[in-house]
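The values are calculated or read from the model by the stated rules, or taken from the named source; none is laboratory data. The structure displayed is predicted, hence computed values, not measured ones. Don't worry about glycine lacking a Cβ; one is built from the backbone with ideal geometry, like all the others, and counts go over all protein chains shown. The protein model used for the area step is the full one, side chains on, heavy atoms only, and it has no ligands, DNA or RNA in it. Shrake-Rupley method; radii C 1.70, N 1.55, O 1.52, S 1.80 Å.
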Amino acid sequence: MLHGPAVEIGKDESIPKKTRLGLIMFIIYMIVYAGFVFIGMTFPKAMGTQIILGLNLAFLYGMGLILLAGIMGLVYNHACTRYENKLNQGDQK
Amino acid sequence: MIYQVSPIAIVIFLIFVASVLGLSFFFARKAKSASGYYAAGGQIHWAVNGIAFAGDYLSAASFLGICGMIAFYGYDGFLYSIGYLAGWVVALFVVAEPLKRMGKYTFADALDAKFNSRGIKLTAAISTLVVSIFYLIPQMVGAGALVTPLLGLPHWVGVLIVGSVVILIVATAGMTSTTYVQFIKGALLICFSLAIVIFLLNKGLKKTPNDDYHRFITLPVTVAGGTVTEVADGTYRIAGQHQEKGLTFVKLEKAGIPSWWKLTADESAPALEETLSIVVEKSGETLYNGAPKEARKFFQVGHLSKIVVDGKEVEATGPVGPFEYIKRIEDAEIVRFSKTAFSFRGEAVTLYHQTPTSGKEIMKPGLYYKLDKGSTFWSRLDFLSLMLALFLGTSALPHILIRYYTVPSQRAARKSTIVAIASIGFFYILTLYMGTGAMINGCLDVQDSNMSAPLLAKTFGITLFSIISAIAFATILGTVSGLIVAASGAVAHDLMDKYLKIEMTEKAKVRAGRLAAVAVGIVAIVLGIIFEGQNVNFLVGLAFAIAASANLPAIFMLLFWKKTTARGIAWAISVGMVASLAIILLSPTMFEIYGLPPAQAPIPLRNPGIISIPLGFITLIAASLLTKKKRTQES
């Protein structure tokens with residue numbers, strides 16, 4: 001009895017699509033995040049360049065990464081919910 | 001620093017702790033089974049669970065540590081906010097749903113769902129225990145730091161209070177209780193942090209932070225051949241001079257009271273700048289700015305020396321918007337306080353001297369992690385290592401992972417994570433404002449960066465300070481509760497029940513979990529007292545690095561590489577854990593703690609992730625391929 005999940009999970013036909021989407025979105029975010037780290041390591045002066053409204057690249061990129069995480073999360077959830085509704089025909093709670 | 005204790009702070013604190021305990025006992029009735037104790041019966045609503053995630057995650061490191069690091073080092077502290085939040089993307093896109101499908105109560109369950117291997121049970125349980133304990137230490141240290149200004153109690157009492165209350169909470173209630181405590185606390189923390197930022201923006205930037213702020217004086221002097229020979233103000237007598245790291249410090253005496261000053265770099269008009277000093281005399285007595293601690297002469301600091309609006313220097317900006325605030329900071333000059341320590345005629349002298357820093361330097365990386373001026377290959381690699389561990393560490397933290405099992409479905413796990421990302425992301429944006437706000441509002445305790453955010457709140461009134469300190473204390477209570485549940489699960493469920501196969505009834509399992517919680521709690525109290533004064537963020541970074549090195553390769557490869565074997569997982573966890581621990585123990589930071597020269601550290605990295613995380617992946621791949629081959633040959 002100890003090797004199953006804590007609650008019963010119904011059969012989910014949308015798993016392959018969700019997994020693929022998750023990996024694609026993970027890679028996109030990782031590239032944007034890596035860009036931030038790369039600029040910090042190799043062009044640190046560029047981080048202080050004022051870009052817009054007198055705000056520098058470090059602030060805009062950092063805030064952008066935080067906001068991007070939220071936006072991509074919402075897009076991912078919307079797409080996954082659609083896959084589940086379509087492929088499971090309302091199986092999932 | 002000596003703080004004045006406020007009765008209102010004590011009352012609010014006691015109300016909070018009583019409320020938390022009351023809530024825990026109320027929900028304790030629901031924890032009659034193992035499922036109820038470890039996973040809240042899997043029936044927590046996703047929105048509640050999402051905010052509880054935030055409550056778990058926004059620990060002492062986030063509220064106290066990050067704000068403090070920003071207050072002392074500017075944008076480099078904000079790197080932690082970015083990295084901690086980015087880690088949630090890995091959790092959402094890669095880990096959340098598969099783990100929900102695989103697991104039951106603990107991280108070890110999830111890993112073992114496919115193999116039923118004793119090796120995995122043992123290594124995953126040990127890894128959970130190690131990461132949880134390393135994560136517990138900074139929480140306890142943070143608790144100790146908080147009680148000093150809040151209740152006027154020594155550090156060890158704070159640690160003892162948190163430890164005892166949490167043991168009581170966890171030993172009586174379990175995951176349902178901790179979830180609701182985390183939910184309330186997470187929501188309150190975000191709301192009141194927002195309140196601080198609104199007050200801060202409404203106040204704007206001022207060169208004189210408040211009416212009580214210390215007026216730093218400068219004394220014109222005569223210098224001959226690099227030596228200060230005369231002070232223009234004849235009431236001061238020169239008592240000595242010392243060179244350290246290219247800076248000249250001068251000891252003066254006035255009416256028998258000693259003080260330390262820094263010689264300015266301007267050779268055309270040499271002058272001495274006031275410093276804050278802590279001197280341990282030959283007799284063993286410690287003087288704070290030349291007087292015993294009780295004399296309260298050791299003041300709080302942090303101010304702006306230049307504010308520019310539309311190209312003109314001004315004294316204050318008045319209320320500003322969130323973007324204008326950042327722009328004004330970038331254009332301003334801020335006086336930070338750098339630490340220099342040395343021995344002088346048998347006295348141990350620690351000075352905190354004024355370091356005017358351009359806002360442009362403060363608002364980009366480089367003050368703590370050297371990337372530009374004074375950078376080396378290793379300092380840049382250290383930055384990369386930190387960002388890697390933060391990115392990959394979140395989804396490998398056991399106390400975060402177990403929260404996926406408290407919701408009823410994969411969809412709820414996903415939605416919980418999105419609520420967590422939104423609320424945690426919003427809070428992390430606030431940290432940049434709170435940290436820089438503490439830096440310029442004359443509230444820094446130079447001895448303890450961890451207190452920056454609560455002390456900023458204090459500048460807006462004792463009530464806000466009391467509430468935010470009580471919430472911070474509850475934050476620690478909640479985080480420690482979650483960690484102890486995870487650690488007790490590792491001992492009672494993974495080790496006793498599944499590895500050692502001790503026959504137990506459901507009731508006995510819950511009792512074993514509670515006993516394990518008490519034991520882990522006691523260990524945490526002891527370590528929290530031992531690690532007093534250590535940097536909270538450094539200690540949390542340690543836990544992240546160990547989690548990312550030991551757990552993430554196992555989780556990631558199990559989900560995405562079909563050739564992964566049980567032995568591969570067990571070896572990867574062991575090697576990742578041992579390697580990250582070894583690198584940390586041999587790092588320059590630990591050498592400083594040992595009292596050895598940091599330059600002698602064999603590995604010049606403060607963050608181990610860049611070595612230990614790839615090592616974990618390589619070990620898993622190699623061990624899996626080797627054991628797969630062996631199995632094929634045998635068959």
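What are the residue pairs meeting all of these: first residue in region B:476-498, first residue on the phi > 0 side of the Ramachandran plot, second residue surrounded by 24 or more Cβ atoms within 10 Å (Cβ to Cβ), Cβ atoms under 6 Å, and 6 or more apart or on different chains?
Filtered contacts from region B:476-498: no entries.
Do you know which residues across region B:407-436 are at the interface with chain A (Cβ under 8 Å from one of its Cβ atoms) and hydroxyl-bearing (Ser, Thr, Tyr)?
Those that are at the interface with chain A (Cβ under 8 Å from one of its Cβ atoms) and hydroxyl-bearing (Ser, Thr, Tyr): B:409, B:417, B:428.
Name the pairs whose Cβ atoms lie under 8 Å apart, with the first residue in region B:359-376 and at the interface with chain A (Cβ under 7 Å from one of its Cβ atoms), the second among the basic types (Lys, Arg) and open to solvent by 10 Å² or more (accessible area, probe 1.4 Å), and 6 or more positions between them or separate chains?
So the pair list comes out as B:366/B:373; B:371/B:380; B:372/A:45.
What strands (runs of 3 or more DSSP E) lie completely within region B:263-351 and have 2 or more residues being farther than 30 Å from residue B:198 by Cβ?
Filter on region B:263-351 gives B:271-280, B:286-288, B:333-344.
For residues in region A:41-92 being charged (D, E, K, R) and in contact with a Lys or Arg (Cβ under 7 Å, 6 or more places away or on another chain), which is least open to solvent (accessible area, probe 1.4 Å)?
Across region A:41-92, the extreme among qualifying residues is A:84.
Filter region B:413-430 for residues that are modelled with pLDDT under 90 and open to solvent by less than 10 Å² (accessible area, probe 1.4 Å) and give the result. Full working, then the answer.
Filtering region B:413-430 down to residues modelled with pLDDT under 90 leaves B:413-421.
Answer for region B:413-430, where residues must be modelled with pLDDT under 90 and open to solvent by less than 10 Å² (accessible area, probe 1.4 Å): B:413, B:414, B:416, B:417, B:420, B:421.
Go through (1) under 19 Å from the mean Cα position of the chain (by Cα); (2) crowded, with 20+ Cβ neighbours inside 10 Å for residue B:577 and report which single condition fails.
(1)
If the requirement is being farther than 27 Å from residue A:60 by Cβ, acidic (Asp, Glu), open to solvent by 20 Å² or more (accessible area, probe 1.4 Å) and away from chain A (no Cβ under 14 Å), which of these qualifies: B:281, B:333? Can you show your working first?
Values: B:333 fails: farther than 27 Å from residue A:60 by Cβ.
Result of the check over B:281, B:333: B:281.
Do we have any residue at all in region B:601-621 that's open to solvent by 10 Å² or more (accessible area, probe 1.4 Å), farther than 27 Å from residue B:101 by Cβ, part of a helix (DSSP H, G or I) and of a type in the set (Gly, Ala, Ser)?
no
Rundown of residues vs (1) among the charged types (D, E, K, R); (2) in contact (Cβ under 8 Å) with a residue 12 or more places away in the chain; (3) out of contact with any Ser or Thr (no Cβ under 8 Å at 6 or more places or on another chain), yes/no style:
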site: B:167; (1), (2), (3): no, yes, yes
site: B:185; (1), (2), (3): yes, yes, no
site: B:211; (1), (2), (3): yes, no, yes
site: B:241; (1), (2), (3): no, yes, no
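Checking the conditions here, which among B:199, B:115, B:216, B:192 is open to solvent by 40 Å² or more (accessible area, probe 1.4 Å) and closer than 20 Å to residue B:57 by Cβ?
Unique residue meeting the criteria: B:192.
Kindly indicate whether residue B:386 is touching a residue at least 12 places away in the same chain (Cβ under 8 Å) and either of a type in the set (D, E, K, R) or within 14 Å of chain A (Cβ to nearest Cβ) (or both).
So residue B:386 fits the description; yes.
Considering only residues of region B:81-118 that are within 11 Å of chain A (Cβ to nearest Cβ), outside any helix (DSSP H, G or I) and of a type in the set (Gly, Ala, Ser), which is nearest to residue B:486 (Cα to Cα)?
Initial filter on region B:81-118 (within 11 Å of chain A (Cβ to nearest Cβ)): B:81-106, B:108-110, B:112-116.
Imposing the further condition that a residue be outside any helix (DSSP H, G or I) reduces the set to B:103-106, B:113-116.
If we keep only those that are of a type in the set (Gly, Ala, Ser) as well, we get B:103, B:113.
Details: B:103: 14, B:113: 18 Å.
Looking at residues that are within 11 Å of chain A (Cβ to nearest Cβ), outside any helix (DSSP H, G or I) and of a type in the set (Gly, Ala, Ser), I get B:103.
Does at least one position in region B:312-329 carry a residue that is surrounded by fewer than 14 Cβ atoms within 10 Å (Cβ to Cβ) and polar (S, T, N, Q)?
no
Being open to solvent by 20 Å² or more (accessible area, probe 1.4 Å) and closer than 30 Å to residue B:326 by Cα is the requirement here; does residue B:273 meet it?
yes
How many residues are part of a loop (DSSP other than H, G, I, E, B) and closer than 27 Å to residue B:300 by Cβ when one looks only at region B:230-262?
6
Looking at region B:360-379, can you tell me whether even one residue there is open to solvent by less than 10 Å² (accessible area, probe 1.4 Å), assigned to a helix (DSSP H, G or I) and within 30 Å of residue B:479 (Cα to Cα)?
No, region B:360-379 has no match at all.
Under 14 Å from the mean Cα position of the chain (by Cα) and either of a type in the set (Asp, Glu) or at the interface with another protein chain (Cβ under 7 Å from one of its Cβ atoms) (or both): which single residue out of A:25, A:41 fits that description?
Answer to the selection: A:25.
Here is a list: B:134, B:78. Which entry is among the aromatic types (Phe, Trp, Tyr), under 24 Å from the mean Cα position of the chain (by Cα) and more than 13 Å from every other protein chain (Cβ to nearest Cβ)?
Exactly one residue qualifies, and that residue is B:134.
If I filter region A:52-78 down to residues being closer than 16 Å to residue B:419 by Cα and in contact (Cβ under 8 Å) with a residue 24 or more places away in the chain, which single residue comes out as farthest from the other protein chains (Cβ to nearest Cβ)? Spell out how you get there, then give the answer.
Residues of region A:52-78 closer than 16 Å to residue B:419 by Cα: A:66-78.
Then keep just the ones that are in contact (Cβ under 8 Å) with a residue 24 or more places away in the chain; that gives A:68-69, A:72, A:75-76.
On the way: A:68: 9, A:69: 5, A:72: 7, A:75: 10, A:76: 6 Å.
In this case the residue turns out to be A:75.
Looking only at region B:580-597, count how many residues are within 22 Å of the chain's Cα centre (by Cα) and either assigned to a loop (DSSP other than H, G, I, E, B) or more than 20 Å from residue B:389 (Cα to Cα) (or both).
Counting residues in region B:580-597 that are within 22 Å of the chain's Cα centre (by Cα) and either assigned to a loop (DSSP other than H, G, I, E, B) or more than 20 Å from residue B:389 (Cα to Cα) (or both) gives 6.
Out of the residues in region B:441-494 meeting the condition of being among the acidic types (Asp, Glu) and within 22 Å of the chain's Cα centre (by Cα), tell me which one is farthest from residue B:186 (Cα to Cα). Can you show your working first?
The initial filter retains those residues of region B:441-494 that are among the acidic types (Asp, Glu), namely B:445, B:448, B:494.
Adding the requirement that they be within 22 Å of the chain's Cα centre (by Cα) leaves B:445, B:448.
Values: B:445: 26, B:448: 24 Å.
Residue satisfying both the conditions and the ranking: B:445.
Looking for something assigned to a helix (DSSP H, G or I), under 26 Å from the mean Cα position of the chain (by Cα) and over 24 Å from residue B:383 (Cα atoms) - is there at least one such residue anywhere in region B:555-563?
Checked against the condition, which is being assigned to a helix (DSSP H, G or I), under 26 Å from the mean Cα position of the chain (by Cα) and over 24 Å from residue B:383 (Cα atoms), region B:555-563 yields at least one hit.
Considering each of B:323, B:337, B:344 in turn, give the residue that is free of Cβ contacts under 8 Å to residues at least 40 places away in the same chain and of a type in the set (Phe, Trp, Tyr).
Of the residues listed, the single one that is free of Cβ contacts under 8 Å to residues at least 40 places away in the same chain and of a type in the set (Phe, Trp, Tyr) is B:323.
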